[in-house]
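Below is one structure, written out as structure tokens, with a few remarks after it.
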Amino acid sequence: CGTETSAEEELSEIRLDYAYYSPTSLVLKKFGWVEEAYEEEGTEVVWTLSQGSNKALEYLNSNSVDFGSTAGAAALISKANGAPIQNVYIYSKPEWTALVTTEDSDIKTVADLKGKQVAATLGTDPYIFLVRALAEEGLSVNDITVTNLQHADGATALVNGDVDAWSGLDPHMAKYEVENNTPLFFRNIDFNTYGFLNVREEFAEKHPEHVKRIIELYEKARQWVLDNPEEAAELLAEEAGIDLEVAKIQMERNDFSNAIPGDVHLESIKEAGRVLQEADVLNDDVDVEETANNLIEPKFSEEVIGGQ
Amino acid sequence: MTLVLNKVSRSFDGVAAVKDVHLKVEKGEIVGLLGTSGCGKSTLLRTISGLDTGYDGVIEINEKTSKQVNEETGFIFQEPRLLPWLNVLENVMFGLEGKRAEKLDKANHILQSVGLAGKENLYPKELSGGMAQRVAIARSLVTSPEILLLDEPFSALDAFTKMQLQDFLLDVWKKYHTTMILVTHDIDEALYLCDRVVILRGQPGEIVEELKVEEARPRNRGSEQLAQLKSDILTALDLNKQSVY
Amino acid sequence: MTLVLNKVSRSFDGVAAVKDVHLKVEKGEIVGLLGTSGCGKSTLLRTISGLDTGYDGVIEINEKTSKQVNEETGFIFQEPRLLPWLNVLENVMFGLEGKRAEKLDKANHILQSVGLAGKENLYPKELSGGMAQRVAIARSLVTSPEILLLDEPFSALDAFTKMQLQDFLLDVWKKYHTTMILVTHDIDEALYLCDRVVILRGQPGEIVEELKVEEARPRNRGSEQLAQLKSDILTALDLNKQSVY
Amino acid sequence: MAKIEAEITNKKVGIFRKNKVVIEKLNTILIGSIIPILLITVWELLSRIGVFPSYQLPAPTTILNTIYEMGLDGTLWSHIGVTTYRVFAGFLIGTGIAVVLGSFIGFYQRAERLFDPLIQAFRSIPSLAWVPLFILWMGIGEPSKITMIAVGVFFPVYLNIVSGIHGVDRKLIEVGKMYGLSTFQLIRRIILPASLPSFLVGLRSGLGLGWMFVVAAELMGASQGLGFLLTFGQNMSQPDVILASIILFALIGKLTDWLLKLLEQRSLQWQDRIQD
Amino acid sequence: MAKIEAEITNKKVGIFRKNKVVIEKLNTILIGSIIPILLITVWELLSRIGVFPSYQLPAPTTILNTIYEMGLDGTLWSHIGVTTYRVFAGFLIGTGIAVVLGSFIGFYQRAERLFDPLIQAFRSIPSLAWVPLFILWMGIGEPSKITMIAVGVFFPVYLNIVSGIHGVDRKLIEVGKMYGLSTFQLIRRIILPASLPSFLVGLRSGLGLGWMFVVAAELMGASQGLGFLLTFGQNMSQPDVILASIILFALIGKLTDWLLKLLEQRSLQWQDRIQD
Ligand SMILES: Nc1ncnc2c1ncn2[C@@H]1O[C@H](COP(=O)(O)OP(=O)(O)OP(=O)(O)O)[C@@H](O)[C@H]1O
Ligand SMILES: Nc1ncnc2c1ncn2[C@@H]1O[C@H](COP(=O)(O)OP(=O)(O)OP(=O)(O)O)[C@@H](O)[C@H]1O
Ligand SMILES: [Mg+2]
Ligand SMILES: [Mg+2]
């Protein structure tokens, strides 16, 4: 037991990920606040770029990072498969996905999709979004043809006319909006499953104090973004190498207001989980309710933010 | 087919291998080429064959200058050069054209003549040195070329087999009146087969002597006249001990 | 080193190549092996060398049965078998061990003896047939092996060079008392070099005759006694016209 | 009488030989399985003990079960079938082009100087880089997928053919020239057989790359296939599906390679090689 | 006098020859550039006319500009440097292991029967499939990236070495045996030089695969490198970055291949090959 407390003190390195879909993580990295905070103890800060939720989960599962940013549904799926992770913080409520079609298309509503070809990346948030949008209209994925394409390729396929619609993801979606006037014909911010900051269970158990400190730092970054929306968009544009215009759209679609994981998030991913189960992405024997409850652990954020 | 070499020279990277060779071969003539090792005999055959076009001078076949391979020319190389992925029979049939049955017939017949009947299915790696050489001979003779270039064709054969094949070569010559140039180190062989013997010498090799062999065929291997010529040739070769080494 | 072959036979895929060979070779003896093409001479040398271990019977070197390659045995193969990525000098030095300067010295010296001084830097593809064969001879002799197996070593050489190298071989023998087994098709050569001539015949090859050559060295190539022996050998070989083909 | 007896013995020998060959082959397979079986057993044991947690590396039995279930509901066969078809088609096309271009470029030094630099430059472009371009040029149907695989197959086959041709002994080519063979005949009758060993290695390398490129190919709008299964498993965080697809890749790849190896053994009997 | 004159002529010939070699080389490069330059010009023209919309396929000048800007702010060099370092390290390791294992397995038939089946099975596993496993086993540091590249390099080198060894003429091996060479010496002095042509093709194939595997390698938590640049461009919908990375792959891959080709030409001068 004594060794564990000493391990708590002697954390030699802390490993975080940053991602272009999590603007706060970019701010954190850019300003070096984590390094600053840990300078005294001599703890080394290691940053790893996550190119997508699945990468972040891979890193978490293989004990390559301690904190990983993912979409909520992705975290749920991984948790359902036994991944030892916990969601401790919500870095944003993004509207990063919507249904897109071409300018001159006659698809105007989700109902028009019946029998059409739709591009999406299986298992990712856009796919879940598509399934939920269809479900709302009483349709299922079997009523359309889903073409599995990587996010960027889906946009190309859409513009080239290989598919009729695309379940898009930012920044691709924003970029094509700007450059090709591709309309987003169906939007619903509640069908997006939030940006989850996850931590490995083992780390949370051993180093609860550090989890809280990181959340504190994230809060600092969130506050900065709320205070400086212009600069935040510029920072995103510069870091991710995208046009400022695109970055602005992307920032506009992020809601940084509520950071404590709570019932809304729980409900959202439970709903997502049920849809996924119906679409056979999740096994029938998975207890969505329980998995979601195990995934979301609000106590750290509550202590940090509530105590402020 | 007549063959004329006019001032033919060949150098490799600036070092001459043969120099200023003049030679005229009539249709049906058998010319022997003798000379010390490395004096350029094979090089000369290669220029005649058309495989080597980097020579200076002019080579005429049937009064036409030609720097290409002539289809009517056959070449028995110094090494057997069998195609390792073909068996004996297929190697012999390699140059033949026409119906398979005819080709088979010809090939089997000539394999008989070179003493390789029953060895049709062996692959080159399973042949003895002399057997490989005989397959190469068979492969060249089976197409009955009009000009035949032979580079030490019988060097790997025992005395007895060699004599048999020499006689076989004369049979072919009788039938087709093939023009032949025969490189050999065996003076007796040259005298037994050739109408004329040309002696190359030195490095670069130059023609130093030409001897006519007048005796009518079939010749007697032990004849007086040939013995006399042999001693002439030995003199011509031995005189230049110094230039060889 | 003495060498004893006791009832040695070798078959390939059930077809016998040589059968029941008995042979005893004393230290420093030169034994000639004559025989028609394909009668198993090379096969026999390969079993003695230890490269081919698929034979029946017993081979003893210095009274010890051995089925491995003996380091003291040298082999001049029927083909030159030069390593194409090494030049003449490097090929000759291939089997030598020790200091580089010494190796260079030995190699240059022997290249001189086989008449290839000045050709050190040529690659095998730039050599004439006879030159390649001489490099192979040099490569084997330079290590002064105690037993030397020679498979038609002079077959690609002109009469003059051949005689020079035969004398060179005798020089080597005088110096090291090398035990030699020499396969050749040149009866004169066998008689000039060997203490004993063994004649193989038939397919599978069997020993049919052994002749002792008593004349002391250096021999006279034109001697009466050798001429008599030659005619004996010719008889031994020619008798079996039928079995060859 | 003696003749009949001899015939009988011959027959016996024949049967005996045939048996021997079969036993020999079985033996080879058995020996080759030793290490894989060992590895799998150790893996299973470690998984059972819990050294590898199942969300990272499921036990072999779990993976087999996943494959078995896919087999039951039939999806397994369509995945395997579709991918095999694509690899096969891409392999044929890639090999075909490589043979034509490779023979041409290997034979004519001028052509080599003109085309080879470009081809070599393309060779190091990763499969994933082609994906957006291929979608752009050919859409997301079968053509883009098969082309992608053909690209993967092309390079090793091409490289080996060109080098094989360069390595053909001048002596043998001269034999062909003496018989007045045309360039085409020369290539067919001398150069290709002589460079066959190199060509066959190229084929085997190419086939391997074909299997590798399948994943990139099936990123282009596939809904079936082993590569699809792999990316699906990765996107869905299903390690058992990922490993199932890896194992299927290994098995089927091995099987097709084995066919090529058989071909190699058959057609290279003439090689004068060492046996130990 | 005559001697001095001869020497002068010799010198002149020498200079002339040297010039000729240089001119020859320049010539080769020029000829090799014809087709790429043509292609790029056509592409530029079509882009200018607007046949390819810029959001899909930017013009070559745009891409060059992107590269130029990356060069200015220095990121270009770190991308190239890091990736080259990784490929180089992976190439060395992969080749090393392939040489040891390949010589061993090529030489001993027993070893071949034991190990080869397993190795062949691994050969068709796509690079992307290794990603999760490598992250699992080795984390996301340099080791996993370099190992990934080494895996890619290993297979073609291995395959070519084994086949090269099988193709070595028995006759030459026997020469070595007659001089009592040990197995190791035999491999070093006869088998490797004789199978050098095949080995060099293997190296070139392997290097190409090394460049291909970089993308998969840099999916494992990289933040620099050409592979990273490619996936970054794909994830961020930046076609100019994608194409810039493709072009850099092609250029640098070509450059490294050219080094190997020089080596090939140097070390295969002894080959008795056709020249046309
Ligand atoms: N490709 C080549 N490159 C360089 N030099 C060569 C080449 N071919 C032959 N030579 C040289 O040309 C000379 C003559 O060679 P050639 O093969 O014609 O001799 P040869 O008279 O046939 O000798 P042998 O009787 O030994 O076969 C030799 O000095 C040889 O080194
Ligand atoms: N590897 C092999 N496989 C099958 N048969 C072989 C093999 N090696 C030799 N033979 C056969 O063995 C017999 C003897 O061959 P060997 O090479 O010993 O003959 P040789 O006496 O040296 O003939 P030559 O004077 O022609 O060189 C031949 O019939 C040959 O076909
Ligand atoms: Mg010659
Ligand atoms: Mg022999």
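The values are calculated or read from the model by the stated rules, or taken from the named source; none is laboratory data. In this text the structure is predicted, and so the values were computed from the model without any measurement. Heads up, the Cβs are rebuilt from the backbone with ideal geometry, glycines too, and the neighbour counts pull from every protein chain shown. These area figures cover heavy atoms from the full protein model, side chains too; ligands, DNA and RNA do not enter into them. Shrake-Rupley method; radii C 1.70, N 1.55, O 1.52, S 1.80 Å.
The loop-placed trypsin sites (Lys or Arg not before Pro) in the stretch C:171-219, going by DSSP, that have at most 16 neighbouring Cβ atoms within 10 Å of their Cβ come out as C:Arg219. Of the listed residues A:Tyr21, A:Tyr38, the order by accessible area with a 1.4 Å probe, largest first, is A:Tyr21, A:Tyr38.
Among the aspartates and glutamates, select those whose C-alpha is under 17 Å from the C-alpha of A:Lys248, and discard any that sit fewer than 8 residues away in the same chain. Within the straight-line limit of under 17 Å, A:Lys248 reaches these aspartates and glutamates: A:Glu95, A:Asp170, A:Glu177, A:Glu179, A:Asp227, A:Glu230, A:Glu231, A:Glu234, A:Glu238, A:Glu239. Computed over the alpha-carbon pairs of chain B, the distance histogram in 5 Å steps reads 1, 6, 14, 17, 19, 17, 13, 9, 4, 1, 0, 0 percent, short to long. When chain C is turned onto chain B, its residue with the beta carbon nearest the axis, and that distance in whole angstrom, is C:Ser155, 2.
Please compute the contact order of chain A in relative form: average sequence separation of alpha-carbon pairs under 8 Å and at least six residues apart, divided by the residue count, as a percent. It comes to 26 percent, rounded to a whole number.
Panel note: the C-alpha atoms of the stretch E:64-200, placed on their principal axes, show extents of 63, 32, 21 Å (largest first). Size descriptors for chain E, from the alpha-carbon set: Rg then Dmax equal 23.8, 79 Å.
With the label put 7 angstrom out from Cα along the Cα-to-Cβ vector, D:Pro36 ends up 4.2 nm from the copy partners, going from closest to farthest. Over the alpha-carbon set of the protein assembly as shown, divide Rg by the Kirkwood Rh and report the Rg/Rh ratio to two decimals. Radius of gyration relative to Kirkwood radius: 1.08. Both the radius of gyration and Dmax for the stretch A:205-308 are 17.5, 47 Å, in that order, over alpha-carbon atoms. Count the net charge of all other residues whose Cβ sits under 13 Å from the Cβ of D:Gln234, scoring Lys and Arg as +1 and Asp and Glu as -1. Spelling it out: positives minus negatives among the neighbours equals -2.
Taking all protein chains as shown and a probe of 1.4 angstrom, D:Phe122 keeps an accessible surface of around 80 Å².
Strictly greater than 18 Å: what percent of every Cα pair in the stretch B:1-72 meets that? Everything past 18 Å amounts to 35 percent. Distances between copies of D:Ser54, taken at a point 7 Å out from Cα along the Cα→Cβ vector and listed shortest first: 5.5 nm. In order along the stretch C:189-204, phi translates into HN-Hα couplings of 4, 4, 6, 6, 9, 8, 7, 8, 10, 10, 10, 9, 8, x, 10, x Hz, rounded to whole numbers, per the Karplus curve 6.51 cos²θ - 1.76 cosθ + 1.60 with θ = phi - 60° and x for Gly and Pro.
Here's the picture: charge each Lys and Arg Cβ at +1 and each Asp and Glu Cβ at -1 in the protein assembly as shown, and of C:Gly57, D:Gly102, D:Met70 the one pushed furthest to the positive end of that dipole is C:Gly57. Exposed loop sites, defined as trypsin sites (Lys or Arg not before Pro) outside DSSP H, G, I, E and B with at most 12 other Cβ atoms within 10 Å, are absent from the longest region of chain A, namely A:115-308. Placing unit charges on each Cβ (+1 for Lys and Arg, -1 for Asp and Glu) gives the protein assembly as shown a dipole about its Cα centre, and among A:Tyr218, A:Ala157, A:Leu49 the Cα reaching farthest toward its positive end belongs to A:Ala157. Computed from point charges on the beta carbon alone (+1 for Lys and Arg, -1 for Asp and Glu), the dipole magnitude for chain D about its Cα centre is near 1020 Debye. For E:Gly71, the point set 7 Å out from Cα toward Cβ sits 5.8 nm from its twins in the other copies, listed from shortest up.
Over all pairs of different C-alpha atoms in the stretch B:153-244, the reciprocal of the mean inverse distance, the Kirkwood hydrodynamic radius, equals 14.3 Å.
Lysine pair count for the stretch B:1-126 (Cα-Cα distance under 26 Å; residues 8 or more apart in sequence or on different chains): 24.
Distance from the C-alpha centroid of the stretch D:107-169 to that of the stretch A:226-244: 41 Å, rounded to the whole angstrom.
Using bins of 10 Å that start at zero, the share of Cα-Cα pairs per bin across the stretch A:75-222 amounts to 11, 36, 27, 17, 8, 1, in whole %. Normalised radius of gyration (Cα atoms, divided by 2.2 N^0.38 Å) for the stretch E:213-275: 1.61. When only Cα pairs below 8 angstrom with a gap of at least 6 residues are kept, chain D shows a relative contact order of 22 percent. For the set A:Asp153, D:Asp240, C:Asp13, A:Asp243, solvent exposure ranked by accessible area (probe 1.4 Å, protein chains only) runs largest to smallest as C:Asp13, A:Asp243, D:Asp240, A:Asp153. For the Cα trace of chain A, dividing Rg by the Kirkwood Rh returns an Rg/Rh value of 0.98. Computed over chain C, the per-residue total of -39500 (n - 2.57) for DSSP H runs of n ≥ 4 gives a 222 nm mean residue ellipticity of -10500 deg cm²/dmol, rounded to 500. Between the alpha-carbon centres of the stretch C:13-79 and the stretch A:48-109 there is a gap of 77 Å. Each Lys and Arg adds +1 at its Cβ and each Asp and Glu adds -1 at its Cβ; summed about the Cα centre, the stretch A:237-308 shows a dipole of about 240 debye.
Screening chain A for whole DSSP H helices of 18 Å or more along their axis (Cα) with average Kyte-Doolittle hydropathy at least 1.6 returns none. Of the trypsin sites (Lys or Arg not before Pro) found in the stretch C:74-141, those in coil by DSSP whose Cβ has at most 16 other Cβ atoms within 10 Å are C:Lys99.
By a 1.4 Å probe calculation restricted to protein chains, A:Trp224 has an accessible surface near 50 Å², given to the nearest 10.
If I compute solvent accessible area with a 1.4 Å probe over the protein chains, what percent of it on the protein assembly as shown is carbon and sulfur?
After summing per-atom areas, the C and S share lands at 56 percent.
Ordered by solvent-accessible area of protein heavy atoms (1.4 Å probe), largest first, the residues C:Thr65, A:Thr147 come out as C:Thr65, A:Thr147. Rolled with a 1.4 Å probe across the full set of protein chains, the surface gives A:Glu267 an accessible area near 100 Å². About its Cα centre, the dipole of the protein assembly as shown is roughly 6800 debye, where the only charges are +1 on Lys and Arg Cβ and -1 on Asp and Glu Cβ. Panel values: the stretch A:62-161, Kirkwood radius from alpha carbon pairs, Stokes-Einstein at 37 °C and 0.692 mPa s, translational diffusion coefficient 213 µm²/s. Shielding by partners for peptide B:128-137, expressed as the average number of C-beta atoms from other protein chains within 10 Å of each residue's C-beta, is 4.
Number of Lys-Lys pairs in chain E with C-alpha atoms under 29 Å apart and a separation of 8 or more places or on different chains: 17. What separates the Cα centres of the stretch C:168-208 and the stretch D:201-276 is a distance of 58 Å.
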